[in-house]
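In what follows, a single structure is set out as structure tokens and then discussed.
The values are calculated or read from the model by the stated rules, or taken from the named source; none is laboratory data. Just so it is clear, the model here is predicted, and its values are computed rather than measured. Neighbour counts are summed over all protein chains in view; Cβ atoms, including those assigned to glycine, are modelled from backbone coordinates with ideal geometry. Just the protein is used for accessible areas: all its heavy atoms, side chains included, with ligands, DNA and RNA removed. Shrake-Rupley method; radii C 1.70, N 1.55, O 1.52, S 1.80 Å.
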Amino acid sequence: MTARIGVVTFPGSLDDRDTQRAIRVAGAEPVALWHKDKDLKQVDAVVLCGGFSYGDYLRAGAIARFSPVMDTVIDQAKAGLPVLGICNGFQILTEAHLLPGGMLGNDHLHFICRDQKLRVENADTSWTSDYTAGQEIHIPLKNMDGRYVADRRTLDELEAEGRVAFRYLDLNPNGSLNDIAGITNAAGNVVGLMPHPEHAVESLIGTGRTDGLPFFTSILKKLVNA
């Protein structure tokens, strides 16, 4: 049976098709989900893709968090459904309190678009098991509000519990505290990151590398072996 991974489209999403393609390249079946529909169509996992949902009004992800689909995503994520938030999806996950902390504007006040070097810090989540801890990868990064922030207690907990999933290397592109590029919840089923792994799954496009593909093969293997 083929694993089915839903990709939510909000008004302003722009990487939903790319994410669907990445899922297909990994060998799973992408399922399009609409933000107004609470029905997740019995998918096995969900990706909240990148973009500028609702134009990033109020705060990035603040309005999308109240879309009808998110009621179901939140309930099922708490029950163990694997959920990946990429860029705007990460912002939505923090607004929905499925992940701690929040996202602010880049410290240099400019939109950034570059290939970014990362270090894998946690290879034990539903979305990172095909990596190895300490592995260095290159993933495209593009954002305006990518600066991860949290209070000191939360940062200390993330570090102590091994919940920093990815960390920026060589340079911090947006001022994120502790060079954090991505985090996971305690259960390891919810992961959010600012870089875009869906843009690094085929050698002919993006970085010219396939460093993002293990996100999608990781969840596929977890679902197949569940």
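Within the range 41-62, being surrounded by fewer than 24 Cβ atoms within 10 Å (Cβ to Cβ), assigned to a loop (DSSP other than H, G, I, E, B) and in contact (Cβ under 8 Å) with a residue 40 or more places away in the chain holds for D44, F52, R59. Listed by first and then second residue, the pairs linking a residue in the range 13-27 that is closer than 27 Å to I63 by Cβ to a residue that is polar (S, T, N, Q), with Cβ atoms under 7 Å apart and 6 or more places separating them unless they lie on different chains, are S13/S53; D16/T9.
Taking the residues in the range 63-90 that are open to solvent by less than 10 Å² (accessible area, probe 1.4 Å) and polar (S, T, N, Q) as candidates, determine which candidate is farthest from the chain's Cα centre (by Cα). Only one residue tops the list, namely S67. Hey, can you tell me all the residues within the range 147-174 that are assigned to a loop (DSSP other than H, G, I, E, B) and free of Cβ contacts under 8 Å to residues at least 12 places away in the same chain? Residues satisfying the conditions are D151, L171, N172. Report, by residue number, each residue of the range 203-219 that is out of contact with any Phe, Trp or Tyr (no Cβ under 6 Å at 6 or more places or on another chain) and either modelled with pLDDT of 95 or more or among the basic types (K, R) (or both). Answer for the range 203-219, where residues must be out of contact with any Phe, Trp or Tyr (no Cβ under 6 Å at 6 or more places or on another chain) and either modelled with pLDDT of 95 or more or among the basic types (K, R) (or both): R209, T210, D211, G212, L213, F216, T217. Scanning the range 63-115 for residues that are part of a helix (DSSP H, G or I) and small (G, A, S) yields A64, A77, G89.
Collect the residues in the range 181-226 that are surrounded by 24 or more Cβ atoms within 10 Å (Cβ to Cβ), over 18 Å from I23 (Cα atoms) and more than 13 Å from the chain's Cα centre (by Cα), keeping them in residue-number order. Hits for the range 181-226: nothing passes. Among residues of the range 1-28 being part of a loop (DSSP other than H, G, I, E, B) and under 20 Å from S53 (Cβ atoms), the one that is most open to solvent (accessible area, probe 1.4 Å) is L14.
Of the residues that make up the range 198-209, is at least one closer than 28 Å to V25 by Cβ and outside any loop (DSSP other than H, G, I, E, B)? Break it down stepwise before answering.
Step one: of the range 198-209, the residues closer than 28 Å to V25 by Cβ are 198-209.
This time we only want the ones that are outside any loop (DSSP other than H, G, I, E, B), so: 198-199.
There is at least one residue in the range 198-209 that is closer than 28 Å to V25 by Cβ and outside any loop (DSSP other than H, G, I, E, B).
Among the residues of the range 123-139, the ones that are in contact (Cβ under 8 Å) with a residue 24 or more places away in the chain and open to solvent by less than 20 Å² (accessible area, probe 1.4 Å) come to 7 in all.
Have a look at F166, F111 and point out the one that is among the aromatic types (F, W, Y), open to solvent by less than 60 Å² (accessible area, probe 1.4 Å) and out of contact with any helix residue (DSSP H, G or I) (no Cβ under 7 Å at 6 or more places or on another chain).
Unique residue meeting the criteria: F166.
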